1. Treating the Cα atoms of the stretch B:31-141 as identical point scatterers in vacuum, please give the log10 of the normalised Debye intensity I(q)/I(0) at q = 0.10, 0.14 Å⁻¹, two decimals.
2. Placing +1 on the Cβ of each Lys and Arg and -1 on the Cβ of each Asp and Glu in the stretch B:31-141, which of B:Gly65, B:Gln44, B:Ala81 has its Cα farthest towards the positive end of the resulting dipole?
3. May I ask you to compute the full-extension gain from B:Arg46 to B:Ala72, defined as 0.36 nm times their residue separation minus their alpha-carbon distance, rounded to one decimal in nm?
4. Using the Cα centre as the reference, give the magnitude of the dipole from point charges on the C-beta atoms of the stretch B:31-141 (Lys, Arg: +1; Asp, Glu: -1; all else neutral), rounded to the nearest 20 debye.
5. Using a 7 Å offset from the Cα along the Cα-to-Cβ direction at both B:Ala136 and B:Asn91, what is the distance between the two label points in nm, to one decimal?
6. Counting Lys and Arg as +1 and Asp and Glu as -1, what is the net charge of the other residues whose Cβ lies under 11 Å from the Cβ of B:Leu61?
7. Under a cut-off of 17 Å between alpha-carbon atoms, report the aspartates and glutamates in cross-link reach of B:Lys79, not counting same-chain residues fewer than 8 places apart.
8. On the full set of protein chains, 1.4 Å probe, figure out the accessible area of B:Glu111 and give it in Å² to the nearest 10.
Amino acid sequence: MRLKNLRMAVGGAALLSIAGCVTINIYFPAAAAEKAADRIIEEVWQGQPGEIRPKAAPEPEGAPAQPKQ
Amino acid sequence: MIKLFPWRWSALVLAGLMLVPVAAPAADLEINTPAINAIKSSMQQRHAQLAPHYGSGAVGLTRDGMVAVRDANQVALPKRAAVNGLVAAENQDRVALYREIARANGHPEWEAEIRNTFAQRWIDRAQAGWWYQNPAGAWTKK
């Protein structure tokens with residue numbers, strides 16, 4: 001009897017795991033998409049003059065002024 | 001032998017369970033295909049021409065992951081057609097990019113969500129002074 005319960009438990013766990021895999025593959029991987037977007041945007045915009053990162057530190061004094069509006 | 005059988009069966013299932021995590025979550029999306037790389041380099045080259053127009057406010061980033069002419073008055077009359085052409089070509093590449101990423105990952109139905117993700121990230125990473133559409137569609141200066 002105990003053996004049967006164990007079999008059922010293990011079998012249930014296996015089914016749940018398989019269901020989990022299917023779920024992961026169906027739902028949109030938001031974090032991975034964000035990472036992919038960042039990599040592509042970085043490459044597309046890399047050649048831009050001046051700062052690349054919007055949060056870059058302010059230019060030190062004496063450096064050529066960036067035309068900012 | 002009969003009593004042993006269930007244990008063998010369980011061992012098999014356990015071995016199967018060990019394999020599951022290997023196959024489960026793909027950590028990264030596939031973005032390294034010839035089609036995606038071609039679109040990327042085309043956009044990269046165009047960016048040098050578009051960047052001044054982002055800076056002047058002539059062109060802005062839309063909330064749906066595209067670009068649009070926001071204020072044509074910022075562009076000298078003879079250059080306006082060229083800017084329109086740049087915007088059209090950029091949008092063509094962007095649509096193709098989102099579609100190709102979805103397809104490269106075996107889920108063409110992800111295209112809209114990929115586009116939304118990009119829309120947010122283009123705006124988040126835009127330079128100060130560039131214009132973008134807020135979620136309500138109003139042009140906003142970063």
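1. -0.29, -0.57
2. Projecting each Cα onto the dipole axis, the largest value belongs to B:Ala81.
3. Details: separation 26, 0.36 × 26 = 9.36 nm, distance 1.86 nm.
That works out to 7.5 nm of additional length.
4. Values: 13 positive and 9 negative charges, 59 e Å.
The calculation lands at about 280 debye.
5. Computed distance between label sites B:Ala136 and B:Asn91 equals 2.4 nm.
6. Values: positive: B:Arg63, B:Arg70, B:Arg94, B:Arg121, B:Arg125, B:Lys142; negative: B:Asp64, B:Glu90, B:Asp124.
Combined, the nearby Lys, Arg, Asp and Glu give +3.
7. B:Lys79 reaches B:Asp71, B:Glu90.
8. Approximately 50 Å² for this residue.
The values are calculated or read from the model by the stated rules, or taken from the named source; none is laboratory data. Computed from a predicted structure; not experimentally measured. Ideal geometry is used to build each Cβ from the backbone, glycine not excepted, and the neighbour counts take in all protein chains shown. When the accessible area is computed, the model is the full protein with side chains, heavy atoms only, and any ligands, DNA or RNA have been set aside. Shrake-Rupley method; radii C 1.70, N 1.55, O 1.52, S 1.80 Å.
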